[in-house]
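This report concerns only the one structure given below.
Please treat every number below as a calculation from the coordinates, not as lab data. Everything numeric here is computed off the predicted structure, so don't read it as measured data. No Cβ is skipped: glycine too gets one built from the backbone with ideal geometry, and neighbour counts run over all protein chains shown.
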Amino acid sequence: MAPLTPMQKSSIVCLATLLAVILSFSSANAETHYHQFVVQQTPVKRLCRTHNIITVNGQFPGPTLEVRDGDTLVIKVVNSARYNVTLHWHGIRQMRTPWADGPEYVTQCPIQPGASYTYRFTIENQDGTLWWHAHSRWLRATVYGALIIYPKLGVPYPFPKPTKEIPVLLGEWWDRDIISVLRQATFTGAAPNVSDAYTINASRELYRCSSKETTKFYVKTGETVLLRIINAALNQELFFTVANHMLTVVGNDATYNKPFATRVVMLGPGQTTNVLLTANQLAGQYYMATRAYATAQNAAFDNTTATAILEYDSVPCPSKTGVASRPLLPILPRFNDTATVTAFTSQLRSLPSKNAKVPTQIDENLFFTVGLGLVNCMPGPRCQGPNNTRFAASMNNISFVLPRRTSLLQAYYQNIPGVYTMDFPPVPPVTFDYTGNVSRGLWQPRFGTKLYNLKFGSNVQIVLQDTVIVTTEDHPIHLHGYHFYVVGQGFGNFNPSVDTARFNLIDPPVRNTINVPVGVGPSFDL
């Protein structure tokens, strides 16, 4: 190779200098945010009774984290509670920071009472609404909060800038100690008790002893606000609406979508949705409300409604009687209105300019059946499921067993034997009519801590097939540390010769959490 001329050397130096300036400018705008989260017991009164619940910094919901794309979060978690705990940053793409993801005994061992652990991760190419929550047992019923990611400085939203942004956290409330609810279910093998109430930012109206605790959101006539809606419920899919107001959906799971107008939004557990609301009605008070979308046949669910109030700042004063008129209550879909849910989800389309191209060259094809199972057991207090059985969830007929002493990530990095096996099946062990009459011989899953190995950088297609084993119901699925493209979704059994041709490879929605609907679930690429 011929030596470089002085002109070529000068050009290389200039290019290197320019790149260094660009990188330094980018890093100069990025910030590192330090927080301390103290997990503690806090007395909270709801439904006329006081319970000592687990919170972060004594707040319920917990603190809202606000960052920009490119920023770094450093969060020291001090466990002052009596239970082991970990925290998960739901939807964060953990690029080279798997130890910070948070699920107990998967990426870390739990933080024991009296101990602390520091999470550190950087936001990379994400902005929108996410959330954080406990990932130990059922502590996330009360240990959760919003995680708001703004665009980088100088980068606008792909929609008109709202005058105000409001986190709206939907949750569930049990009128019992939540760990006792879990212990009862795991001991008996029966379904856990359903919640006693839903909440909006931890408060609710229309329940006993609740009228003074109702959350109010204030708006000015004519302004447009951004509602950052988070379904922090433990188990329940939820409808959400605001009386007399249209909602324009602009984002889901910290990604943007092509805007569309709707009167009702449905969110599965763990999902987030950003909507624009314009205060264009007569000045007054309007209920925003949430209630269950429940698909399981003959299964108990919390059939109550939680509300908060949207109040215009120019609302008229109370009448001469001193009695204020009640806010207008919206009309919500029926609890089993699958048609409304399907119409809503079918409108979700990503913005091509904001999201990466969908991979079309697939390296791995995986097919996972999802559903419940029943484990036969001897009649007695620990065998309280249907017909002397215990409930168990499974994928490809494997019911996952969590390690008890060593996290999966530690075992992988340190080659610790005996913690897991690498034989999770890429397809169901038996092919059957997943949505028809399923033989009882297929109802009982096998147990194991089984993993499946993927080559770094590979493009993966996963088909999630719901089953009617035990009952038909939706199943929420969250992919930790990544996002995916939902290229197809429907009902019945997946037929690759027909359904693959219908995949949306142009503008599929990008998500980190999906609800596998009754029948067949989504196919997604990652």
So who's got an amide H within less than 5 Å of the one on Gly251, skipping anything under 5 residues away but keeping other chains? H placed 1.01 Å off N, in plane. Asn257, Asn274
Quick calc, the chain, dipole around Cα centre from Cβ unit charges on Lys, Arg (+) and Asp, Glu (-), nearest 20 debye, gives 820 debye
Give Lys357/Lys455; Lys164/Lys357; Lys45/Lys216 a once-over and call out the pairs whose C-alpha atoms are over 26 Å from each other. Lys164/Lys357
Given the options Pro156, Gly128, Tyr117, identify the residue whose Cα lies farthest towards the positive end of the charge dipole of the chain (+1 on Cβ of Lys, Arg; -1 on Cβ of Asp, Glu). Tyr117
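So what's the back-of-envelope 222 nm ellipticity for the chain, counting only DSSP H runs of four-plus at -39500 (n - 2.57) apiece and dividing by all residues, rounded to 500?
Numbers: 5 runs with 53 residues, N = 526.
The helix-only estimate for the chain comes to -3000 deg cm²/dmol at 222 nm.
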Cα-projected label distance for Lys212 with Lys455, points at 7 Å along beta-carbon direction, nm: 6.6 nm
Whole-Hz couplings from phi, Karplus 6.51/-1.76/1.60, listed for the stretch 183-189; x for Gly and Pro: 4, 4, 5, 6, 6, 7, x
Over the Cα atoms of the chain, compute the convex hull volume and normalise it per residue, giving Å³. 192 Å³
Using amide H atoms built in the peptide plane, which far-off residues or other-chain residues are under 5 Å from His135 H to H? Thr86, Leu87, His88
Long-range HN-HN contacts of Ser407 with modeled amide H, under 5 Å: Cys109
May I ask you to compute the full-extension gain from Ser116 to Asp313, defined as 0.36 nm times their residue separation minus their alpha-carbon distance, rounded to one decimal in nm? 66.5 nm
Tell me, Ile469, Ile149 in order of fewest to most beta-carbon neighbours within 10 Å? Ile149, Ile469
Inter-label distance, nm, simple model (7 Å from Cα along the C-beta direction), Phe491/Val38: 5.3 nm
